[in-house]
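Undergrad: This is the structure I have questions about; it appears just below.
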Amino acid sequence: GDAVSSLRSSFGLPGRREGRGVRGASRRSPFSGWHWSPCRLVLCSRVRPNRTGDMTVLSRVLHVSRRKGARVAVTSGCFPRRPLGSSRSGAGRLRVLVDMDGVLADFEGGFLRNYRSRYPDDPYISLEDRRGFWVSEQYGQLRPELCEKAISIWESKNFFINLDPLPGAVEAVKQMANLENTDVFICTSPIKKYRYCPYEKYAWVEKHFGQEFLEHIVLTRDKTVVSADLLIDDRLDIIGAEPSPSWEHVLFTACHNKHLQPPGRRLSSWSDDWKSILDSKRPQCCRAVLPPL
């Protein structure tokens, strides 16, 4: 509360009772009338999940543009202990971001199983017929009320923690993390209804990867502001505050994107040759050797 108030005061932003949005701020700001270039303030702090399901989320990423009519976007992010300020974490090192839902965890299969169990009399969409990243939108096209029913599935307690790993995902990422000169982070976007999701994502990683991997989790609503060399993600259109992210996006094949033609490379599954994709980003002298399981 006090920290947020101090930030508001520093940037000339209104308090909660002073107005709504930047339009109100421009009338009260001591900087009103100045021509500012867009600037970005990033506050990072560690996230500490605990066994009761509570989570302290202290991070705030504020993208502030003082041009007239601009909006202030606030995004929550949780960053690991290692600094993410540069594209490479060290000389010759490769940084890889791996999405969670649909890449490591079987979101689509888990959703369909829970949806059919909770709403057995309602129509559903088979995995073969899934189209588009947003499940709720496609269900809303069947019947408008099905949109909210779909959303209620992943907002429910124990949805994320009970998702099954995709075939080969855990083994592949563990191998990837053990490669020489390679830093791997699980980069995932929690849902906005955060009562269960962030904690369960941490618990899922601990369950399948071990406690040591908790230091390699990035929770953020905007992946474009996270610096890396590669992002493996099943979403085709990843946009955010940074128009030119440092990473190359490799589309991971999922039931909803099989019919799409990505602008870049695609990873069909974890049985595909993911190592060659990583090696293509390394200098010739720094190609990694895959360790035995």
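Undergrad: How much length is gained on full extension from D129 to Q141, taking 0.36 nm per residue of separation minus their Cα-Cα distance?
TA: Values: separation 12, 0.36 × 12 = 4.32 nm, distance 1.30 nm.
My answer for the length gained is 3.0 nm.
Undergrad: Now a separate question. Between R113 and S152, what is the spin-label point distance in nm, taking each point 7 Å from the Cα along the Cα→C-beta axis?
TA: The two pseudo-label positions are separated by 2.1 nm.
Undergrad: Between K207 and S269, take the C-beta separation as r, use R0 = 30 Å, and let me know the FRET efficiency to the nearest 0.05.
TA: 0.85
Undergrad: So the label point goes 7 Å from the Cα of Y194 along Cα→C-beta, right? Which residues of the range 218-259 then have their backbone N under 15 Å from it?
TA: The answer is 218-223.
Undergrad: Please report, in Å, the Rg and the Dmax of the range 161-284, where both are computed over Cα atoms only.
TA: Cα only, the range 161-284: 14.7, 46 Å (Rg, Dmax).
Undergrad: Leaving out ligands and nucleic acids, note down the accessible area per residue over the range 218-261 with a 1.4 angstrom probe, in whole Å².
TA: Per-residue value: 39 Å².
Undergrad: Using a cut-off of 30 Å between alpha-carbon atoms, which lysines can reach K201, once sequence neighbours fewer than 8 places away in the same chain are excluded?
TA: Straight-line reach from K201, under 30 Å: K149, K157, K174, K192, K193, K223, K258, K275, K281.
Undergrad: For the range 198-248, rounded, prolate or oblate, judged on the Cα gyration tensor with a ≥ b ≥ c (square roots of eigenvalues), a/c < 1.5 rounded, else prolate if a/b > b/c? Mind dumping the intermediate values first?
TA: Working: a/c = 2.39, a/b = 2.14, b/c = 1.12.
It comes out prolate by the Cα gyration axes.
The values are calculated or read from the model by the stated rules, or taken from the named source; none is laboratory data. Being a predicted model, the structure only gives us computed values, none of them experimental. Virtual Cβ from ideal backbone geometry, glycine too; neighbours counted across all protein chains shown. Ligands, DNA and RNA are excluded from the accessible area calculation, which covers all protein heavy atoms including side chains. Shrake-Rupley method; radii C 1.70, N 1.55, O 1.52, S 1.80 Å.
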